Amino acid sequence: MSVVTASSRTPPTKTQGEAVIETSQLTKRYGKFTAVDNLNLTVHRGEVFGLLGPNGAGKTTTILMLLGLTEPTSGSVRVLGFDPSREPLDVKARVGYLPDAIGFYDELTARENLAYIARLNGLPHAEAAKRIPAAIERMGLGEVIDHPVATFSRGMRQRLGVAELLLKQPEIIIMDEPTLGLDPEAAHNFLGMILQLKHEGITILLSSHLLHQVQQVCDRVGLFSNGRMMISGTVAELAQRVLRGGYRITVQASGPADAIQRALLALPGVQKIEQTRPETFVIHGAHDLRADAAGAVVNAGGRLYGLDIEAPSLDEIYSVYFKEATNGAGS
Amino acid sequence: MAQAVEVQSTTVQPAGQVRRRKGSPWTGLWAVVAKEMADHLSSVRMQILEVLILLTAVGTVYAVMQGVRQSVGQDPFIFLRLFTTAREPLPAFIGFLSFLVPLIAISMSFDAVNGEFNRRTMSRVLAQPIYRDALLMGKFLAGFFTLALVLAAIWLLVMGMGILGLGLPPSGEEVARSLIFLVATIFYGGIWLALGLVFSVIFRQPATAALGALAVWLFFTIFWGMLTSLLARLISPVTYGTAQELLRQIEWEQALSRISPNTLYVEATLGILNPAIRSFGILLPSQLEGAIVGAPLPLSQSLMLMWPQLTGLIAATILLFALAYVLFQRQEIRA
Ligand SMILES: Nc1ncnc2c1ncn2[C@@H]1O[C@H](COP(=O)(O)OP(=O)(O)OP(=O)(O)O)[C@@H](O)[C@H]1O
Ligand SMILES: [Mg+2]
């Protein structure tokens, strides 16, 4: 399973890009405490959207409102055109949910657990008998299909949870911290699986703290804090706004250091140059400046040995953004 | 804020439709019932209690048969005696039932809701296209049907033992009376089932819920009887010692004791299983006018007599279930 970066294939969807989740001024209060504050969120068909934010930001609360498991205090929600608080059955029949703390009936086998879910979904018996082994097999649990879930590891339970989602054949999948507690390899495989689902045309909304993972699979992300969606967009867009670019280009060149530095600094889009070692310059720029930098080094009479680029990371965006946000609030 | 109000007004449906939920609240009910019943019937907890109730049934009925065999042919309600007669040192079978049925019922429901939270299956199950109503009702009905199944089996066993041991079939009236008794017993269990359900919604710890339900049961089994006479004396004291005063106090005591499901159950079962009983209170001479003392009441009269108790049992079951329902609807789903 390879993790490819987003949007390499067009999924076979109904109307690509139509909004399947839409909230407007969505608010949830617990007493005086506002858990979700005037949230406007739009997720389009076929995309993977990441909800990011610190603990207690309101991610789980938002997800519960999308599924009609919690009543919003005010504002409106539309999921696939349905209102989850009035038409929860329509929503829940089409949306698969993987909760953050996932549990099964330990004394029942994997097959029996899914059979119960199939019956709750009103799947005909024959159809369920076909889909259940297929879904379990696909998640690599074929060997243990008739073992009680009590014997399953955390990773196996997580995969059984996804098998349950596959069984429902949903249009949207909502996952709350899906890779929490998985080892790095399992997490990697899990992300690959998310991308496969995306390629099958399923819209995915996931919440997470694990930013580098989110960056690998999400088309767009939203940063959540204190119940508010602070900013949202593609990682590149966020980098542009928060880090004003965030590209870091490492240039290794010998020759007149001053001249090279001046030439690099003159390039459009360069924000800062650091000379970290005698023959190594680090350019902070707004976009990919590699070609320009190579030209500048040669023109300044230097010899170019190496050119490396580091794309902006979500980690950095996140920490810079929340540092600015808390500084702003503190002053 | 003004903006929020604006947005809302455009999305809200025509008045009256706003809060209506779409789809049947019972979608998925039978899936829940089937799963829960399978759980109950295969659980060790239930099997232990089933064996216990089986042993008491066999033991008491066998003991009774030793005693009543000689009156076969004279007593027209000899099958009913199997349920009601006590033979030292054993109490009557209905005595055992009034004790064991609450235990079985509570053992089936005390971890019904909190168990789902503790296993973290609640949010997964409610993310399926069902309402909470179906989950709670399904759990209640599964317990109720299991109880009905077990008690019906015991009923068949007792009747079978009677046919073999006494050498004659039960009369139609005996079958009818004992079936009504069966229904009363099932609803008596229903009360404790619903009570266990209420506690399983309130307390997250199954042990706390079980203790709470058992405390209520103990209270009514042991203490309520003592309290009623005390309370009756407080509410309606006998100062001059007139018959009227005494009567009033006894009436109070009786009314108070009927708050207990145990009293309702015992009165209901005695009323239907013992055709000689014509009233649960003190018989005033005026009530006995024209009646032949000791003559059995016809079935319809016995039914009339125990009707308030039977409906009381059913109403209490429904009320407690409604309480569990309201509490559960208000509960936050996140674990
Ligand atoms: N039933 C409740 N009563 C009162 N406050 C609540 C309730 N449920 C949640 N909250 C509060 O709402 C806030 C948002 O909670 P939520 O679970 O949505 O956060 P989250 O973003 O999912 O956090 P995490 O990353 O830790 O899962 C928290 O501060 C929490 O304390
Ligand atoms: Mg959460």
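Enumerate the residues in the range A:28-70 having an amide nitrogen under 18 Å from the point lying 7 Å beyond the Cα of residue A:180 toward its Cβ.
Counting only backbone N, you get A:35-36, A:50-67, A:69-70.
In the structure displayed, which of A:168/B:35; A:32/B:139; A:92/B:35; A:59/B:139 lie more than 23 Å apart, Cα to Cα? Could you put the intermediate results ahead of the total?
Details: A:168/B:35 19 Å; A:32/B:139 35 Å; A:92/B:35 20 Å; A:59/B:139 31 Å.
Going by Cα-Cα distance, A:32/B:139; A:59/B:139 fall outside the 23 Å limit.
Give me the one-decimal nm value for the distance between modelled label points at residue B:251 and residue B:332, 7 Å along each residue's Cα-to-Cβ direction.
5.2
Counting only residues 5 or more places away or on other chains, whose amide H sits under 5 Å from the amide H of residue A:73 once H atoms are built in the peptide plane?
Under 5 Å from the amide H of residue A:73 lie the amide H atoms of A:27, A:28, A:29, each far enough along the sequence or on another chain.
For residue A:265 and residue B:207, FRET efficiency with R0 = 56 Å and r from the beta-carbon atoms, rounded to 0.05?
That pair, residue B:207 with residue A:265, gives E of 0.20.
Can you figure out the FRET efficiency of residue B:323 with residue B:41, using R₀ = 35 Å and their beta-carbon distance, to the nearest 0.05?
0.85
Would you calculate, for chain A, the mean residue ellipticity at 222 nm contributed by helices, counting each DSSP H stretch of 4 or more residues as -39,500 (n - 2.57) and dividing by all residues, to the nearest 500?
On the way: 11 runs with 118 residues, N = 331.
After summing the helix terms and dividing by the residues of chain A, the value is -10500 deg cm²/dmol.
Stretched out fully, how many nm does the piece from residue B:87 to residue B:315 gain, at 0.36 nm a residue minus the Cα gap?
78.7 nm
So for B:30, B:252, B:217, B:307, what's the accessible-area order with a 1.4 Å probe, most first?
B:30, B:307, B:252, B:217
Efficiency by 1/(1 + (r/R0)^6): what FRET value for residue A:151 and residue A:130, r their Cβ-Cβ distance, R0 = 25 Å, to the nearest 0.05?
0.50
Going 7 Å from the Cα of residue B:51 toward and past its Cβ, which residues in the range B:100-144 have a backbone nitrogen under 12 Å from where you end up?
Hits in the range B:100-144 for residue B:51 at 12 Å: none.
For residue A:231 and residue A:276, calculate 0.36 nm times their separation in residues minus their Cα-Cα distance, and state this gained length in nm to one decimal.
Values: separation 45, 0.36 × 45 = 16.20 nm, distance 3.28 nm.
Using 0.36 nm per residue and subtracting the Cα-Cα distance, I get 12.9 nm.
The values are calculated or read from the model by the stated rules, or taken from the named source; none is laboratory data. Everything quoted here is computed from the prediction, not taken from an experiment. Don't worry about glycine lacking a Cβ; one is built from the backbone with ideal geometry, like all the others, and counts go over all protein chains shown. Side chains are part of the model used for accessible areas, which takes the heavy atoms of the whole protein and leaves out ligands, DNA and RNA. Shrake-Rupley method; radii C 1.70, N 1.55, O 1.52, S 1.80 Å.
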